[in-house]
1. For residue 203, only one of the following conditions fails: (1) within 21 Å of the chain's Cα centre (by Cα); (2) on the phi < 0 side of the Ramachandran plot. What is its number?
2. The conditions are (1) part of a helix (DSSP H, G or I); (2) in contact with a helix residue (DSSP H, G or I) (Cβ under 9 Å, 6 or more places away or on another chain); (3) surrounded by fewer than 19 Cβ atoms within 10 Å (Cβ to Cβ), and residue 165 fails exactly one of them. Which is it?
3. Give, as residue ranges, the helices (runs of 4 or more DSSP H) completely inside segment 1-109 that count at least 3 residues that are more than 20 Å from residue 303 (Cα to Cα), under 15 Å from the mean Cα position of the chain (by Cα) and touching a residue at least 60 places away in the same chain (Cβ under 8 Å).
4. With 251, 298 as the choices, which residue is within 15 Å of residue 15 (Cα to Cα) and touching a residue at least 24 places away in the same chain (Cβ under 8 Å)?
5. Tell me whether segment 170-182 contains one or more residues that are at pLDDT below 95, assigned to a strand (DSSP E or B) and farther than 18 Å from residue 64 by Cβ.
6. Can you name the residue in segment 235-250 that is crowded, with 20+ Cβ neighbours inside 10 Å and in contact with a strand residue (DSSP E or B) (Cβ under 6 Å, 6 or more places away or on another chain) and, of all such residues, is farthest from residue 202 (Cα to Cα)?
7. Any residue in segment 120-143 that is on the phi < 0 side of the Ramachandran plot and surrounded by fewer than 14 Cβ atoms within 10 Å (Cβ to Cβ) sitting within a Cβ distance under 7 Å of a residue that is modelled with pLDDT under 90 and outside any helix (DSSP H, G or I)? List the pairs, counting only those 6 or more apart or interchain.
8. Restrict the check to segment 283-293 and report whether at least one residue is surrounded by 12 or more Cβ atoms within 10 Å (Cβ to Cβ), out of contact with any helix residue (DSSP H, G or I) (no Cβ under 7 Å at 6 or more places or on another chain) and either within 21 Å of residue 24 (Cα to Cα) or at pLDDT 95 or above (or both).
(Lines give C-alpha, C1' and ligand atoms only; values in the text may rest on other atoms or scores of the structure.)
Protein backbone atom coordinates (compact mmCIF):
# COMPACT_ATOMS: atom_id res chain seq x y z
CA UNK A 1 0.00 0.00 0.00
CA UNK A 2 1.37 3.40 -0.99
CA UNK A 3 1.96 6.06 1.63
CA UNK A 4 -0.95 8.52 1.51
CA UNK A 5 1.36 11.51 1.90
CA UNK A 6 3.45 10.34 -1.07
CA UNK A 7 0.32 9.95 -3.18
CA UNK A 8 -0.95 13.40 -2.20
CA UNK A 9 2.43 15.05 -2.84
CA UNK A 10 2.99 13.46 -6.23
CA UNK A 11 -0.58 14.14 -7.30
CA UNK A 12 -0.32 17.82 -6.39
CA UNK A 13 2.99 18.11 -8.20
CA UNK A 14 1.51 16.57 -11.33
CA UNK A 15 -1.58 18.76 -11.25
CA UNK A 16 0.61 21.87 -11.18
CA UNK A 17 2.85 20.57 -13.96
CA UNK A 18 -0.11 19.70 -16.14
CA UNK A 19 -1.85 23.02 -15.46
CA UNK A 20 1.17 24.87 -16.83
CA UNK A 21 1.49 22.64 -19.89
CA UNK A 22 -2.24 22.70 -20.62
CA UNK A 23 -2.28 26.51 -20.36
CA UNK A 24 0.62 26.91 -22.73
CA UNK A 25 -0.80 24.44 -25.22
CA UNK A 26 -3.94 26.57 -25.18
CA UNK A 27 -1.85 29.66 -25.88
CA UNK A 28 -0.35 27.88 -28.89
CA UNK A 29 -3.84 26.94 -30.04
CA UNK A 30 -5.38 30.42 -29.82
CA UNK A 31 -2.49 32.84 -30.24
CA UNK A 32 -2.95 33.00 -34.01
CA UNK A 33 -6.37 34.63 -33.46
CA UNK A 34 -4.39 37.75 -32.46
CA UNK A 35 -6.54 38.51 -29.42
CA UNK A 36 -3.61 37.93 -27.09
CA UNK A 37 -1.47 40.92 -28.00
CA UNK A 38 1.32 40.26 -25.50
CA UNK A 39 4.62 38.63 -26.57
CA UNK A 40 4.93 35.10 -25.22
CA UNK A 41 8.06 33.67 -23.60
CA UNK A 42 6.98 30.07 -23.14
CA UNK A 43 7.99 27.82 -20.26
CA UNK A 44 7.78 24.43 -21.99
CA UNK A 45 10.57 22.18 -20.73
CA UNK A 46 11.13 24.15 -17.51
CA UNK A 47 7.90 23.31 -15.66
CA UNK A 48 9.51 20.99 -13.10
CA UNK A 49 11.77 23.77 -11.83
CA UNK A 50 8.99 26.18 -10.92
CA UNK A 51 6.67 23.50 -9.59
CA UNK A 52 9.29 21.73 -7.48
CA UNK A 53 10.60 24.95 -5.95
CA UNK A 54 7.27 26.71 -5.42
CA UNK A 55 5.60 23.65 -3.90
CA UNK A 56 8.47 23.27 -1.46
CA UNK A 57 8.43 26.86 -0.18
CA UNK A 58 4.68 26.79 0.43
CA UNK A 59 2.17 29.62 0.48
CA UNK A 60 4.23 31.96 2.69
CA UNK A 61 7.30 31.96 0.44
CA UNK A 62 7.66 34.99 -1.81
CA UNK A 63 8.48 34.56 -5.49
CA UNK A 64 10.08 36.95 -7.98
CA UNK A 65 10.42 35.76 -11.56
CA UNK A 66 11.61 36.78 -14.97
CA UNK A 67 9.78 37.48 -18.24
CA UNK A 68 9.56 33.72 -18.92
CA UNK A 69 6.90 33.81 -16.26
CA UNK A 70 4.10 31.36 -17.02
CA UNK A 71 5.44 28.34 -15.12
CA UNK A 72 6.43 30.28 -12.01
CA UNK A 73 3.15 32.19 -11.87
CA UNK A 74 0.90 29.16 -12.28
CA UNK A 75 3.02 26.98 -9.99
CA UNK A 76 2.73 29.55 -7.20
CA UNK A 77 -0.88 30.70 -7.67
CA UNK A 78 -2.80 28.16 -9.78
CA UNK A 79 -4.97 31.16 -10.68
CA UNK A 80 -5.63 30.33 -14.30
CA UNK A 81 -8.58 32.75 -14.48
CA UNK A 82 -6.37 35.74 -13.74
CA UNK A 83 -3.61 34.33 -15.94
CA UNK A 84 -5.73 34.28 -19.08
CA UNK A 85 -7.50 37.51 -18.20
CA UNK A 86 -4.09 39.18 -18.33
CA UNK A 87 -3.09 37.34 -21.51
CA UNK A 88 -6.21 38.78 -23.14
CA UNK A 89 -5.66 42.19 -21.48
CA UNK A 90 -9.05 42.23 -19.78
CA UNK A 91 -10.48 44.16 -16.85
CA UNK A 92 -10.86 40.98 -14.78
CA UNK A 93 -7.11 40.61 -14.26
CA UNK A 94 -5.31 42.17 -11.33
CA UNK A 95 -3.27 44.41 -13.60
CA UNK A 96 -6.31 45.20 -15.77
CA UNK A 97 -4.41 44.20 -18.90
CA UNK A 98 -1.44 46.52 -18.40
CA UNK A 99 1.10 43.82 -17.59
CA UNK A 100 0.84 41.10 -20.17
CA UNK A 101 2.81 37.89 -20.14
CA UNK A 102 6.06 39.50 -19.01
CA UNK A 103 4.75 41.50 -16.04
CA UNK A 104 2.59 39.17 -13.99
CA UNK A 105 2.01 39.59 -10.27
CA UNK A 106 -0.36 38.26 -7.62
CA UNK A 107 0.56 39.58 -4.14
CA UNK A 108 -2.32 37.68 -2.50
CA UNK A 109 -0.40 34.50 -3.35
CA UNK A 110 3.02 36.03 -2.57
CA UNK A 111 3.86 36.09 -6.26
CA UNK A 112 5.54 39.46 -6.09
CA UNK A 113 6.13 40.16 -9.74
CA UNK A 114 8.08 39.53 -12.92
CA UNK A 115 10.22 41.79 -15.06
CA UNK A 116 11.07 41.99 -18.75
CA UNK A 117 14.51 43.45 -18.01
CA UNK A 118 17.15 40.72 -17.67
CA UNK A 119 18.34 40.30 -14.05
CA UNK A 120 16.36 43.30 -12.78
CA UNK A 121 14.23 41.14 -10.47
CA UNK A 122 17.27 39.84 -8.57
CA UNK A 123 18.13 42.99 -6.64
CA UNK A 124 14.47 43.56 -5.77
CA UNK A 125 14.21 40.02 -4.40
CA UNK A 126 17.31 40.57 -2.28
CA UNK A 127 15.65 43.68 -0.87
CA UNK A 128 12.58 41.64 0.05
CA UNK A 129 14.74 39.03 1.76
CA UNK A 130 16.49 41.80 3.73
CA UNK A 131 13.09 43.19 4.80
CA UNK A 132 11.83 39.75 5.82
CA UNK A 133 14.89 39.00 7.91
CA UNK A 134 14.52 42.21 9.87
CA UNK A 135 10.74 42.07 10.13
CA UNK A 136 10.25 38.44 11.09
CA UNK A 137 13.60 37.28 12.43
CA UNK A 138 12.84 33.63 11.74
CA UNK A 139 13.48 32.25 8.30
CA UNK A 140 11.36 29.17 7.90
CA UNK A 141 8.10 30.60 6.53
CA UNK A 142 9.45 33.74 4.90
CA UNK A 143 11.82 32.40 2.27
CA UNK A 144 12.27 34.49 -0.86
CA UNK A 145 12.85 32.75 -4.19
CA UNK A 146 14.09 34.56 -7.27
CA UNK A 147 14.03 32.82 -10.66
CA UNK A 148 16.27 33.96 -13.51
CA UNK A 149 17.84 32.55 -16.65
CA UNK A 150 21.51 31.76 -17.04
CA UNK A 151 21.87 34.86 -19.21
CA UNK A 152 21.15 36.97 -16.11
CA UNK A 153 24.35 35.67 -14.50
CA UNK A 154 26.26 37.70 -17.11
CA UNK A 155 24.83 40.89 -15.63
CA UNK A 156 26.60 42.90 -12.92
CA UNK A 157 23.45 43.24 -10.83
CA UNK A 158 23.45 39.49 -10.23
CA UNK A 159 26.95 39.56 -8.70
CA UNK A 160 26.31 42.66 -6.62
CA UNK A 161 23.02 41.30 -5.31
CA UNK A 162 24.37 37.83 -4.67
CA UNK A 163 27.40 39.19 -2.83
CA UNK A 164 25.16 41.35 -0.62
CA UNK A 165 22.83 38.43 0.16
CA UNK A 166 25.82 36.31 1.23
CA UNK A 167 27.31 39.15 3.27
CA UNK A 168 24.04 39.79 5.10
CA UNK A 169 23.09 36.11 5.40
CA UNK A 170 19.68 36.63 3.84
CA UNK A 171 16.92 33.99 3.58
CA UNK A 172 16.81 33.74 -0.20
CA UNK A 173 17.09 31.02 -2.83
CA UNK A 174 18.61 32.06 -6.16
CA UNK A 175 17.23 29.71 -8.83
CA UNK A 176 19.11 29.83 -12.12
CA UNK A 177 16.97 28.20 -14.81
CA UNK A 178 19.88 27.15 -16.96
CA UNK A 179 19.03 26.31 -20.57
CA UNK A 180 22.53 27.16 -21.77
CA UNK A 181 21.27 30.07 -23.83
CA UNK A 182 21.08 33.84 -23.62
CA UNK A 183 18.40 34.18 -26.30
CA UNK A 184 20.46 32.29 -28.97
CA UNK A 185 23.98 32.71 -27.57
CA UNK A 186 25.63 29.58 -26.19
CA UNK A 187 27.61 29.62 -22.93
CA UNK A 188 31.09 29.00 -24.47
CA UNK A 189 30.82 32.20 -26.51
CA UNK A 190 29.88 34.46 -23.59
CA UNK A 191 31.64 33.16 -20.47
CA UNK A 192 35.28 33.02 -19.50
CA UNK A 193 34.71 30.25 -16.97
CA UNK A 194 33.33 26.72 -16.99
CA UNK A 195 30.97 26.38 -14.05
CA UNK A 196 28.81 29.04 -12.42
CA UNK A 197 28.16 26.68 -9.50
CA UNK A 198 31.87 26.31 -8.79
CA UNK A 199 32.30 30.08 -8.69
CA UNK A 200 29.32 30.94 -6.48
CA UNK A 201 30.24 28.14 -4.07
CA UNK A 202 33.24 30.25 -3.03
CA UNK A 203 30.82 32.76 -1.51
CA UNK A 204 29.22 32.32 1.93
CA UNK A 205 26.34 30.24 0.59
CA UNK A 206 25.37 26.70 -0.32
CA UNK A 207 25.27 25.82 -4.02
CA UNK A 208 23.35 23.05 -5.79
CA UNK A 209 24.03 21.89 -9.34
CA UNK A 210 21.01 19.96 -10.61
CA UNK A 211 20.58 18.27 -13.97
CA UNK A 212 17.11 16.76 -13.73
CA UNK A 213 13.62 17.08 -15.16
CA UNK A 214 12.17 15.19 -12.19
CA UNK A 215 9.86 17.51 -10.25
CA UNK A 216 10.02 15.33 -7.15
CA UNK A 217 13.82 15.54 -7.06
CA UNK A 218 13.73 19.32 -7.44
CA UNK A 219 11.12 19.51 -4.67
CA UNK A 220 13.37 17.49 -2.35
CA UNK A 221 16.45 19.59 -3.22
CA UNK A 222 14.47 22.71 -2.35
CA UNK A 223 13.33 21.27 0.97
CA UNK A 224 16.98 20.53 1.73
CA UNK A 225 17.87 24.10 0.76
CA UNK A 226 15.27 25.51 3.18
CA UNK A 227 16.71 23.39 6.00
CA UNK A 228 20.18 24.74 5.23
CA UNK A 229 18.92 28.34 5.28
CA UNK A 230 17.39 27.81 8.71
CA UNK A 231 20.38 25.93 10.10
CA UNK A 232 23.29 27.92 8.65
CA UNK A 233 21.53 31.23 7.96
CA UNK A 234 22.94 31.64 4.48
CA UNK A 235 21.57 32.06 0.96
CA UNK A 236 21.19 29.20 -1.50
CA UNK A 237 22.14 29.10 -5.16
CA UNK A 238 20.47 26.42 -7.28
CA UNK A 239 21.60 25.94 -10.87
CA UNK A 240 18.96 23.74 -12.50
CA UNK A 241 19.52 22.74 -16.10
CA UNK A 242 16.73 22.22 -18.61
CA UNK A 243 16.06 22.40 -22.34
CA UNK A 244 13.96 25.22 -23.79
CA UNK A 245 11.52 23.55 -26.17
CA UNK A 246 10.45 26.59 -28.17
CA UNK A 247 11.92 29.77 -29.59
CA UNK A 248 13.14 32.51 -27.26
CA UNK A 249 9.97 34.53 -27.73
CA UNK A 250 6.99 33.03 -29.48
CA UNK A 251 4.94 29.86 -29.66
CA UNK A 252 6.90 27.90 -32.27
CA UNK A 253 9.93 25.65 -32.52
CA UNK A 254 13.08 27.21 -33.98
CA UNK A 255 15.33 24.29 -34.81
CA UNK A 256 15.86 25.71 -38.30
CA UNK A 257 17.45 28.88 -36.89
CA UNK A 258 20.94 27.36 -36.96
CA UNK A 259 22.05 27.55 -33.34
CA UNK A 260 20.65 24.14 -32.28
CA UNK A 261 19.13 21.12 -33.96
CA UNK A 262 16.03 18.98 -33.69
CA UNK A 263 18.29 15.97 -33.19
CA UNK A 264 19.84 17.61 -30.14
CA UNK A 265 16.36 18.12 -28.69
CA UNK A 266 15.34 14.50 -29.36
CA UNK A 267 18.50 13.22 -27.67
CA UNK A 268 17.80 15.39 -24.63
CA UNK A 269 14.23 14.14 -24.26
CA UNK A 270 15.30 10.53 -24.71
CA UNK A 271 17.81 10.77 -21.87
CA UNK A 272 16.10 13.09 -19.38
CA UNK A 273 12.43 12.77 -20.37
CA UNK A 274 9.78 15.45 -20.54
CA UNK A 275 8.97 16.68 -16.99
CA UNK A 276 5.23 16.22 -17.37
CA UNK A 277 5.56 12.75 -18.87
CA UNK A 278 8.09 11.70 -16.24
CA UNK A 279 5.74 12.58 -13.38
CA UNK A 280 2.77 11.05 -15.19
CA UNK A 281 4.61 7.75 -15.45
CA UNK A 282 5.29 7.88 -11.71
CA UNK A 283 1.61 8.41 -10.97
CA UNK A 284 0.32 5.70 -13.29
CA UNK A 285 2.89 2.94 -12.84
CA UNK A 286 4.27 3.48 -9.33
CA UNK A 287 1.32 4.96 -7.48
CA UNK A 288 -1.55 3.46 -9.50
CA UNK A 289 -3.27 6.81 -9.99
CA UNK A 290 -5.45 7.43 -13.02
CA UNK A 291 -3.92 10.58 -14.47
CA UNK A 292 -6.42 11.03 -17.28
CA UNK A 293 -9.18 12.12 -14.89
CA UNK A 294 -6.93 14.80 -13.43
CA UNK A 295 -5.94 15.95 -16.90
CA UNK A 296 -9.53 16.28 -18.10
CA UNK A 297 -10.45 18.33 -15.06
CA UNK A 298 -7.53 20.68 -15.65
CA UNK A 299 -8.14 20.95 -19.42
CA UNK A 300 -11.77 21.87 -18.71
CA UNK A 301 -10.65 24.47 -16.18
CA UNK A 302 -8.27 26.02 -18.71
CA UNK A 303 -10.99 26.11 -21.40
CA UNK A 304 -13.41 27.77 -18.99
CA UNK A 305 -10.81 30.38 -18.04
CA UNK A 306 -10.16 31.20 -21.69
CA UNK A 307 -13.87 31.61 -22.37
CA UNK A 308 -14.21 33.89 -19.35
CA UNK A 309 -11.29 35.97 -20.55
CA UNK A 310 -12.57 36.22 -24.11
CA UNK A 311 -15.99 37.36 -22.90
CA UNK A 312 -14.73 39.78 -20.25
CA UNK A 313 -14.69 43.53 -20.96
CA UNK A 314 -11.59 45.57 -21.62
CA UNK A 315 -10.62 48.14 -19.01
CA UNK A 316 -11.85 51.67 -19.29
CA UNK A 317 -9.36 54.03 -20.89
CA UNK A 318 -8.92 55.83 -17.56
CA UNK A 319 -7.32 52.65 -16.19
CA UNK A 320 -4.26 53.54 -18.26
CA UNK A 321 -3.38 56.19 -15.70
CA UNK A 322 -4.00 54.28 -12.47
CA UNK A 323 -1.05 52.86 -10.48
CA UNK A 324 1.33 54.75 -12.75
CA UNK A 325 4.00 57.01 -11.26
CA UNK A 326 4.50 60.31 -13.05
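The values are calculated or read from the model by the stated rules, or taken from the named source; none is laboratory data. Just so you know, these numbers come straight off a predicted model, no measurement behind them. Positions of Cβ are backbone-derived with ideal geometry, glycine not excepted, and every protein chain shown enters the neighbour counts.
1. (1)
2. Single failed check for residue 165: (3).
3. 47-57
4. Of the residues listed, the single one that is within 15 Å of residue 15 (Cα to Cα) and touching a residue at least 24 places away in the same chain (Cβ under 8 Å) is 298.
5. yes
6. Only one residue fits best here, namely 240.
7. Note: pairs meeting the criteria are 136/142.
8. no
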